[in-house]
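Following: one structure in structure tokens, then a few remarks.
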Amino acid sequence: MIVEKIMTTAVQTLTPSHTLLDANRIMRQHKIRHLPIINDNGEVVGLIAQRDIKNAISRLFVKDAEDVLLQTPLQDIMIKNPLIGHPLDFIEEVALLFYEHRIGCLPIVSHNKLVGIITDTDLLYNYIELTGATQPSSRIDIRIKDQAGELHNITKIISNFNANILSLLIYKDDDPQFQIISIRLKSMNPIPIIAGLRQEGFDVLWPNMPGMNL
């Protein structure tokens with residue numbers, strides 16, 4: 001999936017000459033945490049986050065100075081030349097960028113113009129949707145040998161029960177010879193499928209509650 005599929009295109013922005021008070025007002029009004037700062041040509045020249053405002057205020061020793069601070073132009077406190085992305089970037093590459101640079105948002109730019117924004121919340125929700133967790137479903141975790149054909153055999157068993165797979169994730173096991181496959185099924189009753197998997201010798205790790213060891 002690419003960024004343009006999940007980015008927000010109706011982006012609230014300000015210019016460097018706006019103040020912290022302006023930024024604080026816009027963030028509260030639209031319930032957002034980040035504001036790209038653009039110039040008259042629509043080019044991203046900075047970024048201001050809600051935490052930047054809170055940190056600036058928390059450093060004040062005189063409470064009355066807060067009103068003065070809020071009149072500070074954004075150009076004096078904004079993050080200049082922030083990291084940017086492109087609408088055709090892959091989501092997984094952007095997620096890695098968020099992780100490596102500990103950022104909370106990424107302005108999306110095309111032809112030097114701001115066209116959208118993506119936040120850590122957008123990435124998290126996209127992951128949740130990809131796992132199928134937003135739909136009525138059940139999850140099965142299976143420990144398998146890291147060898148060809150195992151996944152095919154599992155999906156064949158699931159197919160025999162006329163169940164649809166919503167998502168499939170593969171994790172490393174503590175033993176490098178094995179993997180953990182997490183399958184989310186479009187079924188609220190996975191018990192017959194679990195029985196079928198165990199009958200064929202598969203190690204079903206989850207669900208593994210009383211009464212599930214069929």
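So how many Lys-Lys pairs in the chain land under 17 Å Cα to Cα, not counting same-chain pairs under 8 apart?
Final tally of qualifying lysine pairs is 6.
Testing the spin-label approximation: label points 7 Å from Cα along Cα→Cβ at GLU200 and VAL68. State their distance in nm.
7.4 nm
Could you compute the FRET efficiency for THR155 and MET188, with r as their C-beta to C-beta distance and R0 at 22 Å, rounded to 0.05?
0.65
Kindly state, to the nearest 0.05, the FRET efficiency for ARG143 paired with ALA56, given R0 = 45 Å and r defined as their beta-carbon distance.
My answer for the efficiency is 0.35.
Modelled label-to-label distance, GLN75 and SER17, 7 Å Cα→beta-carbon offset: nm?
Output for this residue pair reads 0.9 nm.
Express the relative contact order of region 136-206 as a whole percentage, based on alpha carbon pairs under 8 Å and six or more residues apart in sequence.
Once divided by the residue count of region 136-206, the mean separation gives 48 percent.
[x] 185; [y] 170; [z] 116: which one is volume of the Cα convex hull per residue in Å³ as calculated from this entry?
Identified label for the calculated read-out: [x].
Fully extended, how many nm does the chain gain between SER167 and ASN41 (0.36 nm per residue separation, minus their Cα-Cα distance)?
41.1 nm
Defining a contact as two alpha carbons under 8 Å apart and six or more residues distant in sequence, what relative contact order in percent does the chain show?
For the chain, the relative contact order is 18 percent.
Of all the C-alpha pairs in region 136-206, what % are more than 19 Å from each other?
25 percent
Rule-based calculations on the coordinates, nothing more; no lab input. A quick note: this is a predicted structure, and the numbers were derived from the prediction, not measured. Neighbour counts are summed over all protein chains in view; Cβ atoms, including those assigned to glycine, are modelled from backbone coordinates with ideal geometry.
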